[in-house]
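One structure is given here, and the rest of the page talks about it.
The values are calculated or read from the model by the stated rules, or taken from the named source; none is laboratory data. As the structure is a computational prediction, the values presented were derived from the model and not from experiment. Every residue, glycine as well, gets a Cβ built from its backbone with ideal geometry; the counts of neighbours run over all protein chains shown. Surface accessibility is based on the protein's heavy atoms, side chains included, excluding ligands, DNA and RNA. Shrake-Rupley method; radii C 1.70, N 1.55, O 1.52, S 1.80 Å.
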Amino acid sequence: MVVPVIDFSKLDGAERAETMAQIANGCEEWGFFQLVNHGIPLELLERVKKVCSECYRLREAGFKASEPVRTLEALVEAERRGEAVTPVDDMDWEDIFYIHDGNQWPSDPPAFKETMREYRAELRKLAERVMEAMDENLGLEKGAIQRAFSGEGRHEPFFGTKVSHYPPCPRPDLITGLRAHTDAGGIILLFQDDQVGGLEVLKDGRWTDVQPLAGAIVVNTGDQIEVLSNGRYRSAWHRVLPMPDGNRRSIASFYNPANEATISPAVASGEAYPKYIFGDYMDVYAQQKFQAKEPRFEAVKAPKSSPAA
């Protein structure tokens, strides 16, 4: 099995119907697909790779002193002493930082801020085009998902970016790169490493590689798209395996509802999912990210916040 690869440039041409069908298949059958010819300049993607790799070089000493590294070293040392050891299941072999419009961004390397502002602007436009394709495939009015995320225009959807590196791991049998989970939010656009693999999606009970592909943007659907589509589009379980060789770069951007937005099924088919405030869902997700998603939906059936749209 291979994660679908879709030529997004064909959305505006004679092959539009086929491309829309491919997007529908990616959403319905996988929850993951890759976009090529997506309109983001490859030169910009190269600059993003450069500044993010330079950022990690500045952070590398911090990662080497981090809790996952210390924990793994202690396990290896215990093993050398002949003790039985158990793989770590409560932390990840990952260096991360987040950027969004309301927080402090790295000032070093000097080109980081300008490059990432340009990249995020392009990516946000791409996310909105993908959501419009989802609207159409679901039989919704154009812009329906975006309006749901903004509380009918009263709030600003959240758009954040997680910059991750998964450095070489000497004992990948004893720790995970990133534990299996579904994403809490809406639509996720990932610019992943085109040399070092490790990302896997759960498909029909089997873990399947999300194959590195130069210049591609990986798209996956989060829990809120599952709710809005009333289960037609499922958020997919995915994970990152630690690799003994290579430093995997991963730049994931999340187009999520505003915390104040009310989320409920927009597609009529039995109303299988509850209506709730997204911020309440995030409170539950923060405690249950690596657990089954169905109890999270149950937990927000009676929202704690007043419905603010």
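For percent of Cα pairs over 32 Å apart, one of (1) 37; (2) 33; (3) 28 was computed from the structure I shared and the rest are decoys. Which label?
It is the value labelled (3).
What is the dipole size for the stretch 70-202, taken about its Cα centre, with +1 at each Lys and Arg Cβ and -1 at each Asp and Glu Cβ, in debye to the nearest 20? Could the numbers behind the result be given before it?
Working: 15 positive and 26 negative charges, 58 e Å.
With Lys and Arg at +1 and Asp and Glu at -1, about 280 debye.
Leaving ligands, DNA and RNA out of it, rank Lys162, Lys113, Lys275, Lys142 by accessible area with a 1.4 Å probe, largest first. List each step's numbers first, then the result.
Details: Lys162 20, Lys113 60, Lys275 130, Lys142 150 Å².
So the residues, ranked largest to smallest area, are Lys142, Lys275, Lys113, Lys162.
Using 7 Å Cα-to-Cβ label points, what is the Ser107/Arg179 separation (nm, one decimal)?
3.7
Could you look at the chain and say what percent of its accessible area is carbon and sulfur, using a 1.4 Å probe and all protein chains? Working shown, then result.
Values: 6930 of 13880 Å².
Its accessible area is 50 percent carbon and sulfur atoms.
In whole Hz, with x marking every Gly and Pro, tabulate ³J(HN,Hα) for the stretch 136-146 from phi via Karplus 6.51 cos²θ - 1.76 cosθ + 1.60, θ = phi - 60°.
4, 5, 8, x, 9, 5, 4, x, 5, 5, 5
Over 29 Å between Cα atoms, which of Lys50/Lys125; Lys10/Lys203; Lys10/Lys301; Lys113/Lys293; Lys49/Lys275 qualify? Please list the in-between numbers first.
On the way: Lys50/Lys125 22 Å; Lys10/Lys203 26 Å; Lys10/Lys301 41 Å; Lys113/Lys293 35 Å; Lys49/Lys275 39 Å.
Violating the 29 Å limit, Cα to Cα: Lys10/Lys301; Lys113/Lys293; Lys49/Lys275.
Kindly identify the stretch 232-280 as rounded, prolate or oblate by the Cα gyration tensor criterion: order the square roots of the eigenvalues as a ≥ b ≥ c, call it rounded if a/c is under 1.5, otherwise compare a/b with b/c, prolate if a/b is larger, else oblate.
Working: a/c = 3.82, a/b = 2.14, b/c = 1.78.
Judged from the Cα gyration tensor, the stretch 232-280 comes out prolate (a/c at least 1.5, a/b above b/c).
What are the ³J(HN,Hα) couplings of the stretch 39-49, residue after residue, when phi is run through the Karplus curve with 6.51, -1.76, 1.60 and θ = phi - 60°? Round to Hz, x for glycine and proline.
Each residue of the stretch 39-49 in turn: x, 7, x, 4, 5, 5, 4, 5, 5, 4, 4 Hz.
Please compute the modelled spin-label separation between Asp90 and Asp194, points set 7 Å along Cα→Cβ, answer in nm with one decimal.
Placing both labels 7 Å beyond Cα along the Cβ direction yields 4.1 nm.
Which of Ser235, Pro212, Ala286 sits farthest toward the positive end of the charge dipole of the chain, with +1 on the Cβ of Lys and Arg and -1 on the Cβ of Asp and Glu?
Final value for the positive-end residue is Ala286.
Quick one: accessible area per residue over the stretch 38-162, 1.4 Å probe, rounded to a whole number of Å²? Write down the numbers at each step before the final one.
Numbers: 6740 Å² over 125 residues.
Each residue of the stretch 38-162 exposes 54 Å² on average to a 1.4 Å probe.
Of Leu11, Tyr119, Phe191, which is farthest towards the positive pole of the chain's charge dipole, taken about the Cα centre with +1 and -1 on the beta-carbons of Lys, Arg and Asp, Glu respectively?
Value: Tyr119.
Using DSSP loop states and a limit of at most 15 other Cβ atoms within 10 Å to flag GluC sites (Glu not before Pro), what is the longest stretch of the chain containing no flagged site? All intermediate terms of the calculation are to be shown ahead of the outcome.
Working: sites that count: Glu15, Glu83, Glu141, Glu152, Glu271.
Here the longest segment lacking exposed loop sites spans 153-270.
Springs between alpha-carbon atoms under 10 Å, Gaussian network over the chain: tell me which of Arg70, Arg80, Arg117 tops the mean-square fluctuations.
Most flexible of the set in this elastic network: Arg80.
Give the ranking of Met134, Met282 by solvent-accessible surface, highest area first, calculated with a 1.4 Å probe.
Met282, Met134
Quick one: Karplus J couplings for the stretch 179-187, per residue in order, coefficients 6.51, -1.76, 1.60, θ = phi - 60°, nearest Hz, x for Gly and Pro?
Whole-Hz 3J(HN,Hα) from phi for the stretch 179-187: 4, 4, 6, 9, 8, 6, x, x, 10.
Which cross-chain or sequence-distant (5 or more) residues have an amide H under 5 Å from the amide H of Gly160, H modelled 1.01 Å from N in plane?
Under 5 Å from the amide H of Gly160 lie the amide H atoms of Phe254, Asn256, each far enough along the sequence or on another chain.
I need to check one value: relative contact order of the stretch 34-172, counting alpha carbon pairs closer than 8 Å and at least 6 residues apart, in percent. Display every interim value, and only then the final one.
On the way: 91 pairs, mean separation 46.3, N = 139.
Averaging sequence separation for qualifying contacts and normalising by length gives 33 percent for the stretch 34-172.
Given a 1.4 angstrom probe, what's the average accessible area per residue across the stretch 201-309, in square angstrom?
Values: 4600 Å² over 109 residues.
Value for the stretch 201-309: 42 Å² per residue.
Counting only C-alpha contacts under 8 Å and six or more residues apart, can you give the relative contact order of the stretch 187-232 as a whole percent? Kindly include the intermediate steps, with their values, before the conclusion.
Details: 50 pairs, mean separation 20.3, N = 46.
Relative contact order comes out at 44 percent.
As a test of the formula, what do you get for the chain when each DSSP H run with n ≥ 4 contributes -39,500 (n - 2.57) and the sum is divided by the residue count, at 222 nm and rounded to the nearest 500 deg cm²/dmol?
Numbers: 8 runs with 103 residues, N = 309.
Mean residue ellipticity, 222 nm, calculated: -10500 deg cm²/dmol.
With +1 on each Lys and Arg Cβ and -1 on each Asp and Glu Cβ, and nothing else charged, work out how big the dipole of the chain is about its Cα centre, in Debye to the nearest 20.
Values: 36 positive and 48 negative charges, 66 e Å.
So the dipole magnitude of the chain works out to roughly 320 debye.
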